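Participant: The structure's right below; bear with me while I get my questions together.
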Amino acid sequence: MSDLSISGTSYNPYLPVTADRSSSNASASNDNTTSSEGTPVSLLIQNATTAKSGSSGALRAGTGTVSVLSASLGDDGTSIFGSMPSQNSAILNKILQTATERYSALQQVITDSASQKTAAIDTQNEAWISVKAQINNAQAAVSSGQDSIKRVSDNLSSIRDSVGMSHEDVEYYAGKFDDMINAISNEADSGGTTSLVGNINRVDYSGNEIEYRNNPSLATSTITGTYVATDYRIKVDDGSVWVPDPGTDTITHYTALQGEAKEIETAGITLTESTSTRTGLKLASYDPATNKITMEVTINPDDPPQIVTGTLQRTGLGLMPSWFYGGLATDADRQRAYRDIDAASVNLTAASGQLQLAANQVGGDQRRADAALDDLTQQSVKVNSDQLDQQQALQAKSSRELSALQTNLQSLASTQSNYLNLLGGAVEDPLSQSLIDIQA
C-alpha cells in the first residue's frame, strides 16, 4: 500500500497517528491539513482515539463517530450486542415465564383428568354406600329375627315347664302358660314393619317382606319372613269370624274377615261382642282332622254362654292359648298341649332355617357391596397415585429441560463473549485501527 501524502510529508497508515509527527505539523495550521482522500488529519486522529476509548456509543452518527467493533463490551449503550449478562438474563427470564405457563397448563391438565376420574368414582361410591345402607338394614332385620327366635325358643321351654307343673295349681300355671303365649306374640312383632318373624298379613297369613337394592342399577332383592308366634281365627258357619288380638287376652266377633265388629245387647247395654280368652272361652270339641271346632263364648257372665261352631284356622307355631287345652285341667288336656309344643318347636326350627337362607342372601349381597366399595377405594388410590407420579414426572422433565436451556444459554454466552473479546481486541491492533480510520 502506498503512503498517503499529508502536506508533502510521507504518511504510513500502519503507524499510529500522533500529534507530534513534525514540529510544523503540531501547529495550529494542522487543522486545515487534509489527507489525500480529503479528510482532515485531525479528524482521523480524533476518530482513532475515540474508537480506542469506546466511550461515545456504537453507530453514533455525526462527529465523534465510533467504530462498531471498538464499542464498549460492558456498556449496553455503546455495544451493538448489548451486555451479554443482561441479554442472557432477559432471555432466561422469558424462557422461565413461558416454561412456567406451560408447566401450569400441563399440571392443570393432570389435575383436571384426576378430578374427572375422582368425581366418577365418588358418584359410584355414593351409589354403593346407599345400596350398602339398605343391605345393612336388611341384615339388621335378619339378625333381629334370629335373636327373636332364640327368645321364643326359651319361651317354649318355659311353657313346657308350666304344663308340667300345672297339676299342682291348674289356674296359676294356666295363667303362666298364657303369659308366655302373649310374650311370644309380642316378641314376634317387636321388629315392627321390618320384622321377619312377625308383622304378617292377617288376611292371608303371608309373611312380611323386605325389599332392598343390591346394586346401584336399581336391582333389588326380596326377603320373605316367617312367623314365630301363633295367629288364629274361627270362621263361623254363617260367614262371621272370631279374631283374637295378638299379645292380649281379647277375642272379637266380626261380621266377616276385615268386616265390622259385631255388637250385642245385654242388660240393656250395647256392647262390642268380644270376650277374654282366659275367662270367656271354653273348648267344647275339636276335630284335628277337619279343624272343626265348637266353643262356648261368654260375653256377660250373668248371661248363659253362646255356642259357636266353626272352623279353626291358624298359622305360625300353631300353639294355642290354654283355653284350647281345657285350661290344662286334665292329663288329656296337658298331653294335647305337649303335642302342640313339640310341633311348635319343629315349626320354630323351620322358621330358623328360613331366616338362615335370608341371612345367606343378605350376606352375599353385603359381600358384593363391600367388594365394590373396596374396588372403588383402590381406584381412588390409583388415581391419586397416578396424579402424583404424573406431577413428579412433569416436574422432573421441566427441571431437565430448563437445566439444558440454561446450559445452552451459558454456552452461547461464552461463545459470544469470545467473539466479542476477539473483535474488541482487534481495535487495539495498529493495523486494524488504521484500516478502521481509513474506512471512517
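Values in this text are rule-based calculations from the coordinates and carry no lab data. Nothing here was measured: the structure is a model prediction, and the numbers come from that model. With ideal geometry, Cβ positions are generated from the backbone for all residues, glycine too; neighbour counts draw on all protein chains shown.
Participant: Quote to one decimal, in nm, the extra length available between residue 122 and residue 370 on full extension: 0.36 nm per residue of separation minus the C-alpha distance between them.
Facilitator: On the way: separation 248, 0.36 × 248 = 89.28 nm, distance 1.52 nm.
Stretched out fully, the residue 122 to residue 370 stretch lengthens by 87.8 nm.
Participant: Another question about this same structure. With 20 Å as the cut-off, how large is the P(r) tail for the range 128-226, expressed as percent of Cα-Cα pairs? Walk me through the intermediate numbers first.
Facilitator: Values: 2463 of 4851 pairs.
Across the range 128-226, Cα pairs with separations above 20 Å total 51 percent.
Participant: Give, as a single signed number, the net charge of other residues whose beta carbon lies under 12 Å from the beta carbon of residue 223, with Lys and Arg counted +1 and Asp and Glu -1. Could you put the intermediate results ahead of the total?
Facilitator: Details: positive: none; negative: 209, 211, 365.
Local charge sum for residue 223: -3.
Participant: Please report the net charge: other residues with Cβ closer than 15 Å to the Cβ of residue 259, K and R +1, D and E -1.
Facilitator: Numbers: positive: 202, 233, 235, 262; negative: 238, 260, 263, 273.
Here the count lands on 0.
Participant: Looking at this model, which pairs from 150/176; 262/282; 176/292 are more than 22 angstrom apart at the alpha-carbon? Mind showing how you got there, number by number?
Facilitator: Working: 150/176 19 Å; 262/282 20 Å; 176/292 27 Å.
Table pairs above 22 Å Cα-Cα are 176/292.
Participant: In whole Å, largest first, what are the principal axis extents of the Cα atoms in the range 269-405?
Facilitator: For the range 269-405, the Cα spread along each principal axis is 115, 40, 23 Å.
Participant: To continue, here is another question. Which length gain, in nm to one decimal place, applies between residue 201 and residue 393 when the Cα-Cα distance is subtracted from 0.36 nm times their residue separation? Spell out each step's value before the answer.
Facilitator: Numbers: separation 192, 0.36 × 192 = 69.12 nm, distance 6.60 nm.
The span from residue 201 to residue 393 would gain 62.5 nm if fully extended.
Participant: Over the range 168-265, what is the relative contact order in percent, taking alpha-carbon pairs closer than 8 angstrom and at least six residues apart?
Facilitator: Values: 146 pairs, mean separation 19.1, N = 98.
With pairs under 8 Å counted, the relative contact order is 20 percent.
Participant: So, one more: How much of the calculated P(r) for the range 155-349 lies past 26 Å, in percent of all Cα pairs? Please list the in-between numbers first.
Facilitator: Values: 7025 of 18915 pairs.
Within the range 155-349, distances greater than 26 Å cover 37 percent of Cα pairs.
Participant: Name the GluC sites (Glu not before Pro) in the range 130-232 that are in a loop by DSSP and that have at most 15 other C-beta atoms within 10 Å, would you?
Facilitator: Details: sites: 168, 171, 187, 209, 211; in loops: 168.
Here the sparse-neighbourhood loop sites are 168.
Participant: Ok, one more. Lysines near residue 382 by alpha-carbon distance under 25 Å, same-chain residues fewer than 8 away left out - which ones?
Facilitator: 117, 132, 397
Participant: Still on this structure, I have one more. Applying 1/(1 + (r/R0)^6) with R0 = 30 Å to the Cβ-Cβ distance of residue 98 and residue 411, what FRET efficiency is obtained, to the nearest 0.05?
Facilitator: Details: r = 20 Å, r/R0 = 0.67.
Efficiency computed from Cβ-Cβ geometry: 0.90.
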